[in-house]
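Asker: Structure provided below as structure tokens; questions to follow.
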Amino acid sequence: MKRVAIQGGLGAYHGIAAENFFGEEVEIVPCITFRDIFTTIKKEPNTIGIIAIENTIAGSLLGNYDLLKENKLPIAGEYKQRISHCLAALPGQTIHDIKEVESHPIALMQCTEFLDTLPGVRIIEHEDTALAAKDVAEKHLSTTAAICSTKAAEIYGLNILARGIETNKHNFTRFLIIANPWVVDELQKGEVLNKSSIVFTTPHSEGSLSKVLSVFSFYGINLTKIQSLPIIGREWEYQFYVDLTFSDLTRYKQSLQAIRPLTSELKLLGEYPNGKQSEL
């Protein structure tokens, strides 16, 4: 069974995405922070990691881009997981008994319309959706409910008071699978690699980014995402994280060689199959 390090507890969306990506049950290694995932893999080299990188509502998780660049763990794949929240409480509780709701800040933000129907209820931020459910169960918080996945509610024996409470039903999070190079090679056996993630910087001069993008256009490479982040210690200069899709591997490799003279720094974060998406 594959060991997968995730941020959060059992029943977290990271774990759900990992099982959907691999199509089988996996052994979950819970971590408190995203940085802890990378630390776990360093200690246990055959362990796989999964990290959220962007959400269709909340946007990008900027700190995780830096973690990808800092650590030498290539991206092995991606999965776009549908995020559907529920409100869960101790057995025997009804929605009218609830005085507090706790969850991760992003989950709370994604359920604002539902929370507006609960006047007078105190909102409490928690480090993780699944761990919020665990707290309600283990601490016997009789007037507190958690916003979490239905799987987390089932794991911790909570009663589901409401399902599908997210405001926007088109709520997806894109997760990246990371691992040591030899593990990536094993995971990608027989797969067609048609997507990549890179990071680069450009000279602080007029039109420098435009020149790079023109090269990708010339070689028929599609940019599916571009994210700029400031370079610490260099005011008003930026690094660019870019996702590329391609159908011709040779043309893609040529495009990377062509942009090297135009960039101050170019790093390949991973080449992998264009990921699947769970059903709406």
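The values are calculated or read from the model by the stated rules, or taken from the named source; none is laboratory data. None of these values were measured; they are calculated from a predicted model. Cβ: placed from backbone, ideal geometry, glycine included. Neighbour counts: every protein chain shown.
Asker: Please verify whether ALA58 is aliphatic (A, V, I, L, M), more than 19 Å from LEU269 (Cβ to Cβ) and touching a strand residue (DSSP E or B) at 6+ places or on another chain (Cβ under 6 Å), treating the condition exactly as stated.
Answerer: It is false that ALA58 is aliphatic (A, V, I, L, M), more than 19 Å from LEU269 (Cβ to Cβ) and touching a strand residue (DSSP E or B) at 6+ places or on another chain (Cβ under 6 Å).
Asker: Search region 196-246 for residues being small (Gly, Ala, Ser) and not in a helix (DSSP H, G or I), and hand back the single one that is surrounded by the fewest Cβ atoms within 10 Å (Cβ to Cβ).
Answerer: Among residues in region 196-246 that are small (Gly, Ala, Ser) and not in a helix (DSSP H, G or I), the one surrounded by the fewest Cβ atoms within 10 Å (Cβ to Cβ) is GLY233.
Asker: Is there a residue in region 11-31 that is surrounded by fewer than 18 Cβ atoms within 10 Å (Cβ to Cβ), within 19 Å of ALA107 (Cα to Cα) and either assigned by TED's automatic domain parsing to the domain that holds ALA76 or at pLDDT 95 or above (or both)?
Answerer: Scanning region 11-31 turns up no residue that is surrounded by fewer than 18 Cβ atoms within 10 Å (Cβ to Cβ), within 19 Å of ALA107 (Cα to Cα) and either assigned by TED's automatic domain parsing to the domain that holds ALA76 or at pLDDT 95 or above (or both).
Asker: Looking at region 70-103, which of its residues are polar (S, T, N, Q) and under 16 Å from the mean Cα position of the chain (by Cα)?
Answerer: GLN81, SER84
Asker: Let me ask something else about it. Here are LYS195, LYS139: which of them is farther than 28 Å from PRO105 by Cα and charged (D, E, K, R)?
Answerer: LYS195
Asker: Which ones in region 17-26 are touching a Ser or Thr at 6+ places or on another chain (Cβ under 9 Å) and over 13 Å from GLY275 (Cβ atoms)?
Answerer: none
Asker: Would you point out the residue of region 264-278, among those that are more than 29 Å from GLU237 (Cα to Cα) and assigned to a loop (DSSP other than H, G, I, E, B), that is modelled with the highest pLDDT?
Answerer: PRO273
Asker: For GLU154, state whether it is more than 18 Å from ILE95 (Cα to Cα) and not aromatic (Phe, Trp, Tyr).
Answerer: It is false that GLU154 is more than 18 Å from ILE95 (Cα to Cα) and not aromatic (Phe, Trp, Tyr).
Asker: Looking only at helices (runs of 4 or more DSSP H) that lie completely in region 1-91, which have at least 1 residues being under 15 Å from ASP128 (Cα atoms)?
Answerer: 13-22, 34-43
Asker: Please go through region 247-266 and give me each residue that is of a type in the set (S, T, N, Q) and either under 25 Å from GLU206 (Cβ atoms) or buried (at least 17 other Cβ atoms within 10 Å of the Cβ) (or both), ordered by number.
Answerer: SER255, GLN257, THR263, SER264
Asker: Here's another thing I want to ask about it. For ILE160, are the conditions met, namely being aliphatic (A, V, I, L, M), buried (at least 17 other Cβ atoms within 10 Å of the Cβ) and either more than 27 Å from LEU67 (Cβ to Cβ) or at pLDDT 95 or above (or both)?
Answerer: no
Asker: When the residues of region 69-104 are filtered to those that are among the basic types (Lys, Arg) and out of contact with any strand residue (DSSP E or B) (no Cβ under 6 Å at 6 or more places or on another chain), which remaining residue is modelled with the highest pLDDT?
Answerer: Filtering first and then ranking leaves LYS99.
Asker: Which of the following residues is more than 30 Å from ILE106 (Cα to Cα), among the aliphatic types (A, V, I, L, M) and in contact (Cβ under 8 Å) with a residue 40 or more places away in the chain: LEU262, LEU268?
Answerer: Exactly one of LEU262, LEU268 is more than 30 Å from ILE106 (Cα to Cα), among the aliphatic types (A, V, I, L, M) and in contact (Cβ under 8 Å) with a residue 40 or more places away in the chain, namely LEU262.
Asker: Somewhere in region 22-42, is a residue under 12 Å from the mean Cα position of the chain (by Cα) and β-branched (Val, Ile, Thr)?
Answerer: Looking for residues that are under 12 Å from the mean Cα position of the chain (by Cα) and β-branched (Val, Ile, Thr), one finds none in region 22-42, hence no.
Asker: Of the residues ILE57, ILE75, ILE37, which is in contact (Cβ under 8 Å) with a residue 24 or more places away in the chain, under 30 Å from LYS139 (Cα atoms) and not assigned by TED's automatic domain parsing to the domain that holds LEU115?
Answerer: ILE37
Asker: Only strands (runs of 3 or more DSSP E) wholly contained in region 113-193 count here; list those with 2 or more residues that are of a type in the set (A, V, I, L, M, F, W, C) and over 25 Å from GLY275 (Cα atoms).
Answerer: Filter on region 113-193 gives 122-125, 144-148, 159-163.
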